[in-house]
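For reference, the structure is listed below as structure tokens.
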Amino acid sequence: MRCLVFLLLVALASAKVFQRCEWARTLKNNGMDGYHGYSLANWVCLSKWESSYNTRAINHNNDGSTDYGIFQINSRWWCDDGITPSSNACNIKCSELLTDDVTVAINCAKRVVRDPNGIGAWVAWRHHCQNRDLSSYVSGCGV
């Protein structure tokens, strides 16, 4: 019985890590292709460099804030983690960004990109995706 409980806990704790094309299709199905003027390839590139497509990625920043989930959404501005003073502009708990149901994460990313910084709010996008040929991020995915 203890072994079964342990295995169940391990299964619950494991992250959903999307494959590139699986993630591209998920984003497309959720209206991200062309959202706010950004191609699907931009979103796939962004999430590759932010989280390696990992729904439970967490990064602690030097300013005391934390980035959560597949898009690495920041607790200071976009979600409430109960620790960081936050604007909580997405009106969500940061823990909602760490589930395999990526609907909340995608909706919050849509909110972030509508901000004046646009997709440039993500440092990884600026460093790895901006002004680059991103066709390889969706190549062979049929999207």
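Shape analysis of the stretch 86-143 places it in the oblate category; the axes a ≥ b ≥ c from the Cα gyration tensor give an a/c of at least 1.5, with a/b not above b/c. Farthest towards the positive end of the charge dipole of the stretch 85-132, among the residues N131, G118, A89, is the Cα of N131, using unit charges on the Cβ of Lys, Arg, Asp and Glu.
Sorting C21, C79 by accessible area puts them as C21, C79; the probe is 1.4 Å, largest comes first, and only protein heavy atoms count.
Mean-square fluctuations from a GNM of the chain, with a 10 angstrom spring cutoff on Cα atoms, peak among N117, N42, N59 at N117.
Here the chain is treated with +1 on each Lys and Arg Cβ and -1 on each Asp and Glu Cβ, and its dipole about the Cα centre works out to around 200 debye. Listed by chain and number, the aspartates and glutamates whose alpha-carbon sits under 12 Å from that of K16, ignoring those within fewer than 8 places in the same chain, are D100, D101. Pairwise Cα distances in the chain exceed 28 Å for 19 percent of all pairs. Remark: the chain carries 55 Å² of accessible area per residue (probe radius 1.4 Å; ligands, DNA and RNA excluded). Solvent-accessible area of the stretch 26-143 (1.4 angstrom probe, protein heavy atoms only): carbon and sulfur portion equals 45 percent. Largest GNM mean-square fluctuation across E22, E96, E50, computed for the chain with C-alpha springs under 10 Å, falls on E22. The accessible area of C141, taken with all protein chains in place and a 1.4 Å probe, comes to roughly 10 Å². As a length-normalised measure over Cα pairs under 8 Å and 6 or more apart, the relative contact order of the chain settles at 24 percent.
The values are calculated or read from the model by the stated rules, or taken from the named source; none is laboratory data. Computed from a prediction, not measured in an experiment: that's the story for all the values here. Methodologically, a virtual Cβ is constructed for each residue, glycine included, from the backbone with ideal geometry; neighbour enumeration extends over all protein chains shown. Protein only, heavy atoms only, side chains kept; ligands, DNA and RNA dropped before computing areas. Shrake-Rupley method; radii C 1.70, N 1.55, O 1.52, S 1.80 Å.
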